[in-house]
Every structure is written in C-alpha cells, then in structure tokens.
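Colleague: Pasting a structure below so you can have a look.
The values are calculated or read from the model by the stated rules, or taken from the named source; none is laboratory data. Quantities reported herein were computed from a predicted structural model and do not represent experimental measurements. With ideal geometry, Cβ positions are generated from the backbone for all residues, glycine too; neighbour counts draw on all protein chains shown.
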Amino acid sequence: MGQQEPCLDHRMGFFPYHTIILQKPAIMKKESVIFIAVMFLAVCFVGFAVRRIYWFHHDHNLSFNVRETDNAYQLSATFARSKTYRVQKYIDDQLHMKHFFTNADMNALVTLDDKTNFYIKTTPGALFIKLDKNENDFHSYYRIKELGERLKQKLTEN
C-alpha cells in the first residue's frame, strides 16, 4: 500500500493523483434545468399568493381626495376593505338615515328628506360622492362638505 506516485502525463497536465472526471449525461442536465424552473415558478406563485392575501386583509393604503369647482363638490376615498361597514354606518348616522346601505356596493342618485341631491357610489374599500351645487342650496352643500371632512378624520384615526 504506500503512497501513489503523481501522474506526469504531458497530455493532461500535472495531477497529484490519478483522477477520473465523470460527466453527467445530458439528460441529467436537462432534468436539473426543468426542476429549477419549476421550483422558481412555484416560489413566485406562492410569493404572489401570500402578498395578495396579505394586502387583502391588511390593506393600509388610504387615499382621500376632494375636488371642488364652482358647480360641483366631489369626494373620493379608498381605504381598507375591512373599514367599509364602519364607513357606511358613519355616513348613515351623519345623514340620519336608517339602513341607507343595504350592502357594500351602491351606485345611486340620492335625495334626502331636506331635498339634498347627490350621487354616491360605494364598493368595498372605496367611496365616491358628487354634489351638484346648482341643484342644491348652501345648507345641502355645507352638510355634504362637513360629512367629507369628518369622514376623513374618522378614516385617519385608525
């Protein structure tokens, strides 16, 4: 048993010991590439699904915009979908309406008891209100404007 003599083959260069280099068949390389591609797609899919579920349940984005011209007052807001019921209940309370919203989706022209006319559209996590100043008196305009300002405070309170 003793030590092996180094191989001094001028065609292969200097190797300290006899070395056997095995090559994997081409089919093994192809399977590895396919496996890596499938794993990459699986990780991407799982990552996308987790992100989507997280944002659905933990949507912290809040956008509140008021646009006012000589003829109209518009309020648009996006908020966490989980706050939809609270927003709608708050609007019900402020407008002194009982069960104004029958579900989360609403798209209607509304006339209140005091003859205030406005358009409202709601979906889970979104609200749009438009009041035509020419069709309403100052009291109606002020009422909807105050509703918007209080709603903004309510949404930013958390």
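Colleague: Taking LYS130, is it at negative phi, assigned by TED's automatic domain parsing to the domain that holds ASP70 and surrounded by fewer than 16 Cβ atoms within 10 Å (Cβ to Cβ)? Give the steps one after another, and end with the answer.
Modeller: Numbers: at negative phi: yes; assigned by TED's automatic domain parsing to the domain that holds ASP70: yes; surrounded by fewer than 16 Cβ atoms within 10 Å (Cβ to Cβ): no.
No, not satisfied.
Colleague: Could you say whether any residue in the range 96-108 is surrounded by fewer than 17 Cβ atoms within 10 Å (Cβ to Cβ) and touching a Phe, Trp or Tyr at 6+ places or on another chain (Cβ under 7 Å)?
Modeller: Within the range 96-108 (the criterion being surrounded by fewer than 17 Cβ atoms within 10 Å (Cβ to Cβ) and touching a Phe, Trp or Tyr at 6+ places or on another chain (Cβ under 7 Å)), the answer is no, since none of the residues qualifies.
Colleague: Here is a follow-up. What number of residues within the range 113-125 are more than 27 Å from ARG81 (Cβ to Cβ) and in a loop (DSSP other than H, G, I, E, B)? I'd like the intermediate steps shown before the answer.
Modeller: Step one: filter the range 113-125 for residues more than 27 Å from ARG81 (Cβ to Cβ), giving 113-117.
Cutting the leftovers down to in a loop (DSSP other than H, G, I, E, B) gives us 113-116.
Number of matching residues: 4.
Colleague: Here is a check on your reading of the model: is ALA126 among the small types (Gly, Ala, Ser) and closer than 17 Å to VAL66 by Cα?
Modeller: Values: among the small types (Gly, Ala, Ser): yes; closer than 17 Å to VAL66 by Cα: yes.
Yes; evaluated as a whole, the condition is true for this residue.
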